[in-house]
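What follows is a set of notes on a single structure, which appears directly below.
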Amino acid sequence: MSAVPVSLGRAGDGPALPSPRPPTAPRQFHVLAKPTGPICNLDCTYCFFLSKEALYPGDRFRMGDDVLEQYVRQLLEAHRGASLVTIAWQGGEPTLMGVDFFRRAIELAESLKQPGQQLEHTIQTNGTLLTDEWCALLAEHRFLVGISIDGPPELHDAYRVDKRGEPTSAKVLRGLELLKAHGVDWNVLCTVHAANQHQPLEVYRWLRDELGATHVQLIPIVERDNGTGFQEGDRVTERSVDPEAWGTFLVTVFDEWLAHDVGRVFVPHFDAALASWVGAPASLCIFAETCGDAVALEHNGDLYSCDHFVEPAHLLGNLRETHLVDLLGSPQQRAFGAAKRDALPRQCLECDVRFACHGECPKNRFTAATDGDPHLNYLCPGYLAFFHHVDGPMRLMADLLRQGRYADEIGEVFARAPRNEPCPCGSGRKAKHCHGR
Ligand code: SF4
Ligand code: SF4
């Protein structure tokens, strides 16, 4: 590790950890820190952050050392008693801060961590600025690096372009090769949108087979067409994923995953669904009954209710004035989290897959339900199709887990099924026409 000077002088000037801890403050929470705010070296056409520059007119959008110190100190204090603390960076494009900023962040965290705490570093990046120097640092500190790739170059480059409108896939893949060469842990964040929504197998197989991805996070692009970048209005841009296509995408990838990849490739949507079928807490906030435990930190210390609600109405306060724990436990943030459950339309309340869906993310709730309630999730048709489709296999995998076995044994269950008997998945079809193929 290089010796980058770290000043701890101003860290003690900030707000103190409240004692006693507010009972409303969650013990488990996640902060996404955005050291460059919305600033990015690329200009992906669907990116909801680029328009957020208007929130801080004239700002340089660089996290200063004072905010960095407050953030790291408060994060570690807030996790007192926890054995693992995740320090997560994203953007914008966080690598624009340069390697030395992250060296300082790591040194700070190492010097401020509490007895018994281990640090886990994560960073979400477009990968285009990665160098050997970057990758050596990421490898040394065992960062988990999320790389944004939307599939093969012709699909990725549809919207993921640079400031001149030029394709970026070659630079992203070069960055990924560097990560691999340095042995850095990486995973893929793949957005699904109008340009790749009809190629689920092509996208998934390319990520799995060409890149060797073992962790594929799928994110539907739902981009409001209102010119503000905020969560307002009920129209979406033509780049947004179609709800039915999103469902078909998930269903198609799920079938491929079920046939070949259970226990081998991690797809958060599928793991979250399995958790719901087991009766465990949802592992994705979008499928939890309430939210509010995943906040976003702007470059200047402003804390927002969620990464998807970085807008004035959801500003909780600033870390330089109020401790992170107080902001997380504030009535405003608790109300934000509870509203996810309390504002569900009747259609969701009566839905047979509500236990798994919970109306998905509030940011996508802007279409009319059957009774006219305007707060149904835009992606509802897709999720309804997906959760109904996975019901049989999910029941089987949940049974395996309850028996103390492994979910990936489902392949053997299907393989052993008599070909002319009903498929164990419960579809009603003969096994030879279903999963016993
Ligand atoms: S608003 Fe959506 S993304 Fe944010 S925490 Fe809630 S469910 Fe998650
Ligand atoms: S599938 Fe649709 S109706 Fe059912 S809980 Fe989800 S959003 Fe609501």
Quick test for you: out of W257, W246, pick the one residue that is in contact with a strand residue (DSSP E or B) (Cβ under 6 Å, 6 or more places away or on another chain), closer than 19 Å to F386 by Cα and not in a loop (DSSP other than H, G, I, E, B). W246
Could you tell me whether any residue of region 205-218 is in contact (Cβ under 8 Å) with a residue 60 or more places away in the chain, surrounded by 14 or more Cβ atoms within 10 Å (Cβ to Cβ) and farther than 20 Å from C47 by Cα? yes
Quick one: would you say H299 is at pLDDT below 95, of a type outside the set (S, T, N, Q) and away from ligand 2 (no atom under 11 Å from the Cβ)? no
Any residue that is modelled with pLDDT of 95 or more, hydroxyl-bearing (S, T, Y) and buried (at least 22 other Cβ atoms within 10 Å of the Cβ) - is there at least one of those in region 264-281? yes
Test set (1) over 30 Å from T237 (Cβ atoms); (2) free of Cβ contacts under 8 Å to residues at least 40 places away in the same chain; (3) in a helix (DSSP H, G or I) - A136 fails condition number: (2)
Among (1) in a strand (DSSP E or B); (2) over 28 Å from V253 (Cβ atoms); (3) in contact with an Asp or Glu (Cβ under 9 Å, 6 or more places away or on another chain), Q114 falls short only on (1)
Just name the residue that is farthest from T36 (Cα to Cα) out of those in region 82-123 that are at pLDDT 95 or above and of a type in the set (S, T, Y). S111
Can you find, within region 347-359, the residue that is farthest from A282 (Cα to Cα) among those that are of a type in the set (D, E, K, R) and more than 16 Å from ligand 1 (Cβ to nearest atom)? E350
Scan of region 209-232 for residues that are assigned to a loop (DSSP other than H, G, I, E, B) and modelled with pLDDT of 95 or more, ordered by number: L211, G212, A213, T214, I221, V222
Within the set of pairs 6+ apart or on separate chains, which have a first residue in region 322-339 that is of a type in the set (A, V, I, L, M), a second that is outside any helix (DSSP H, G or I) and within 16 Å of ligand 2 (Cβ to nearest atom), and C-beta atoms under 7 Å apart? A338/T290
From the list L384, L349, L401, pick out the single residue that is within 12 Å of ligand 2 (Cβ to nearest atom), touching a residue at least 60 places away in the same chain (Cβ under 8 Å) and surrounded by fewer than 22 Cβ atoms within 10 Å (Cβ to Cβ). L384
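Restrict the check to region 229-246 and report whether at least one residue is over 21 Å from C380 (Cβ atoms) and in contact (Cβ under 8 Å) with a residue 40 or more places away in the chain.
Looking for residues that are over 21 Å from C380 (Cβ atoms) and in contact (Cβ under 8 Å) with a residue 40 or more places away in the chain, one finds at least one in region 229-246, hence yes.
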Show the residue pairs meeting these rules: Cβ distance below 6 Å; 6+ apart or different chains; first residue within region 270-293 and closer than 16 Å to L218 by Cα and β-branched (V, I, T); second residue assigned to a helix (DSSP H, G or I) and within 12 Å of ligand 2 (Cβ to nearest atom). none
Residue ID - farthest from ligand 2 (Cβ to nearest atom), chosen from residues in region 353-381 that are of a type in the set (D, E) and either more than 23 Å from D242 (Cβ to Cβ) or in contact with a helix residue (DSSP H, G or I) (Cβ under 6 Å, 6 or more places away or on another chain) (or both): D371
Flag for A33 being within 30 Å of D162 (Cβ to Cβ), modelled with pLDDT of 90 or more and touching a Leu at 6+ places or on another chain (Cβ under 7 Å): yes
Tally of residues being without any contact (Cβ under 8 Å) to a residue 40 or more places away in the chain and under 18 Å from A273 (Cα atoms) across region 352-372: 4
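Within region 322-346, work out how many residues are among the charged types (D, E, K, R) and either crowded, with 19+ Cβ neighbours inside 10 Å or within 12 Å of ligand 1 (Cβ to nearest atom) (or both).
Total satisfying the criteria: 3.
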Report the residue count in region 69-93 for those that are in contact with a Lys or Arg (Cβ under 7 Å, 6 or more places away or on another chain), surrounded by fewer than 24 Cβ atoms within 10 Å (Cβ to Cβ) and closer than 22 Å to L130 by Cα. 1
Members of region 320-346 that are within 16 Å of ligand 2 (Cβ to nearest atom) and in contact with a helix residue (DSSP H, G or I) (Cβ under 6 Å, 6 or more places away or on another chain): K340
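Listed here are the residues, each with its yes/no results for (1) assigned to a helix (DSSP H, G or I); (2) not hydrophobic (A, V, I, L, M, F, W, C).
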site	(1), (2)
G263	no, yes
H269	yes, yes
T290	no, yes
N300	no, yes
A335	yes, no
F355	yes, no
G359	no, yes
D373	no, yes
Pick from region 362-379, criterion hydrophobic (A, V, I, L, M, F, W, C) and crowded, with 23+ Cβ neighbours inside 10 Å, ranking: nearest to ligand 1 (Cβ to nearest atom): L379
Among the residues of region 142-157, write down those that are buried (at least 19 other Cβ atoms within 10 Å of the Cβ) and either part of a helix (DSSP H, G or I) or in contact with an Asp or Glu (Cβ under 9 Å, 6 or more places away or on another chain) (or both). F143, V145, D150, G151, L155, H156
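The values are calculated or read from the model by the stated rules, or taken from the named source; none is laboratory data. Bear in mind the structure is a predicted one, so any value in this text is a computation, not a measurement. Counting neighbours? That spans all protein chains shown, and the Cβs are built from the backbone with ideal geometry, glycine included.
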